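Bear in mind these aren't lab numbers, they're just calculated from the coordinates by the rules spelled out. This is a predicted model, so every value here is computed, not measured. Please note: Cβ atoms are built from the backbone with ideal geometry, for glycine as well, and neighbour counts cover all protein chains shown.
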Amino acid sequence: MADEHQPRPSTPAGVLLTVPGPRPARVAAQAVAVAAVLGIPAAVAVDPVAAAVGLLVLGGVTLARVLFLPATLQALLGAALIAAGWASAVGLYETVPWVDVPAHLLVNGLIAAALGIVLLRGGLLAGPATRAGRAGIALTTASVGVALGVLWEIAEWAGYTYVDESVYVAYGDTIGDLTAGGLGSVVAGLLVARWAR
């Protein structure tokens, strides 16, 4: 498996500062982490909702670090979360509706990949040595991603119903989001199975 040669740090500071992978990917992951931290004051200046989104993004970037995900995945996931968060904060989803589709494709797919790797490392998936094992890795990763996409859409509906009616919820939007997230999850499953070889 790529990036598996580096031992997991044993101290809390080591966990937060160590990123496994080749140098360019480590630098990219560190830059994304710094951008997530620096985005908090900017988000606070926009409004409380943007601040909450910024904190969620920072939480996602930190969780990727704590889970010791490969540097390339940390960098891509962090960048996608930052882009999606700022698109929300500046109202891009309302002014350019098609932006929602690549956001769901990328974020859902990258989160599915992260969870697939965590499940694989935790011994909860069959080993990648056989074709059946790789198929199981791909199918489970994709399924977890699709399930998360459904939970996200339920959260959007709950936000609209119980928190703020400005949360956009419509049948076509939900189907488009689920389709894009599902496609991203399938691609993630195939890539994780290949990575695991």
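Computed from Cα atoms, the angle from the helix 48-66 axis to the main principal axis of the chain rounds to 0 degrees. GLY14 sits among other residues whose Cβ lies under 12 Å from its own Cβ, and their net charge, with Lys and Arg +1 and Asp and Glu -1, is +2.
For the chain, the longest principal axis of the Cα atoms and the long axis of helix 171-196 meet at an angle of about 20 degrees.
Once the Cα atoms are used to define both axes, helix 100-121 deviates from the longest principal axis of the chain by about 30 degrees. Simple rule: put +1 on each Lys or Arg Cβ and -1 on each Asp or Glu Cβ in the chain, find the dipole, and look at GLY127, ALA64, ALA36; the Cα lying farthest toward the positive end is GLY127. Across ALA138, ALA129, ALA75, mean-square fluctuation computed from a Gaussian network of the chain (C-alpha pairs under 10 Å connected) peaks at ALA129. Other residues whose C-beta falls under 13 angstrom from the C-beta of GLY133 contribute a net charge of +4, scoring Lys and Arg +1 and Asp and Glu -1. Residue-normalised convex hull volume from the C-alpha trace of the range 1-90: 79 Å³ per residue.
For ARG8 and ILE40 in one chain, what is 0.36 nm times their gap in residues minus the Cα-Cα distance, to one decimal in nm?
Numbers: separation 32, 0.36 × 32 = 11.52 nm, distance 2.82 nm.
Full extension from ARG8 to ILE40 adds 8.7 nm.
Working from label points 7 Å from Cα in the Cα-to-Cβ sense, the TYR160 to LEU56 distance is 1.5 nm. Distance between the 7 Å Cα→Cβ label points at ARG121 and ARG194: 2.1 nm.
Using a cut-off of 15 Å between beta-carbons, work out the net charge of the residues near VAL90 (Lys and Arg +1, Asp and Glu -1, VAL90 not included). Walk me through the intermediate numbers first.
Numbers: positive: none; negative: ASP47, GLU94, ASP100.
After counting each charged neighbour, the total is -3.
Basic side chains Lys and Arg get +1 at the Cβ, acidic Asp and Glu get -1 at the Cβ, and with that the dipole of the range 54-197 about its Cα centre reaches some 1100 debye.
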